[in-house]
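The values are calculated or read from the model by the stated rules, or taken from the named source; none is laboratory data. Keep in mind it's a predicted model, so treat the numbers as computed, not measured. Virtual Cβ from ideal backbone geometry, glycine too; neighbours counted across all protein chains shown. What goes into the accessible areas is simple: the full protein's heavy atoms, side chains included, and nothing from ligands, DNA or RNA. Shrake-Rupley method; radii C 1.70, N 1.55, O 1.52, S 1.80 Å.
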Amino acid sequence: MSIDWKKEIKSWGIMLSVVAFLYFTGLLPVIIGGLQSVLLSTGLIKPKIEVPDLTEQQFDYRGKFLTFDGQQIDLESYRGKTLFINLWASWCGPCRAEMPHISELYKSVQDEPDLEFLLIGIDNDIKKSQGFIEGKSWTFPTAHASFGLNQSLQSQSIPTTLVVNPAGKIVFYQEGMSNFNTDEFREFLIDQSKISE
């Protein structure tokens, strides 16, 4: 059996052209993020609620962030509350994939007293983070790491998600995407809010 090299090269050329087009138009991360979001919707990838390596660490409340309308947020203002933090970037497909699920989780618990969410964009340019969020139907508080990240928020990869309880201890830490919109994780967050300092 002989290989028709012209046909083979043409096929590869077409595939590479499509990938190049998607890459240069910025559609590739959108498509990959969409596929990953569908994967998360299957429920196969869920957060592992177990004792993380950082559990006994006290969270560092030093730090400020900038909202996309120019307001400063001081981490210190979250002391004494349960805080769900997610680090993301505009170019991150897995971040894009998990955001609709975080939005649904936030909507379901936003009226819980002493439970706060903060999604922090870490793009070098705040305009990239802002452009990524604008026009989306997602609902959750967002800000930008314009002033850098403290030691508690340093991560090897994104997305990274952590939960800090009212006593200031990190009780959940995960690098990588997950579907946080589960009954188990929702109950975990609400239960953390009942822990006093």
Select from region 152-197 the residues that are closer than 16 Å to E112 by Cα and hydrophobic (A, V, I, L, M, F, W, C) and write down the one among them that is surrounded by the most Cβ atoms within 10 Å (Cβ to Cβ).
V164
I'd like to know if region 76-90 contains one or more residues that are surrounded by fewer than 18 Cβ atoms within 10 Å (Cβ to Cβ), among the acidic types (D, E) and either touching a residue at least 12 places away in the same chain (Cβ under 8 Å) or not in a helix (DSSP H, G or I) (or both).
yes
Residues that are in contact (Cβ under 8 Å) with a residue 12 or more places away in the chain, open to solvent by 40 Å² or more (accessible area, probe 1.4 Å), in a loop (DSSP other than H, G, I, E, B) and more than 15 Å from L189 (Cα to Cα), drawn from region 92-133:
I122
Of all residues being under 15 Å from the mean Cα position of the chain (by Cα) and farther than 15 Å from A89 by Cβ in region 139-151, which is surrounded by the most Cβ atoms within 10 Å (Cβ to Cβ)? Just the residue, please.
F140
Out of region 129-150, which residues are within 13 Å of Q72 (Cα to Cα) and among the β-branched types (V, I, T)?
T142
Would you check which residues across region 159-197 are assigned to a loop (DSSP other than H, G, I, E, B), β-branched (V, I, T) and at pLDDT 90 or above and list them?
T182
Could you check, for region 66-73, whether at least one of its residues is of a type in the set (S, T, Y), over 24 Å from N165 (Cβ atoms) and crowded, with 16+ Cβ neighbours inside 10 Å?
no
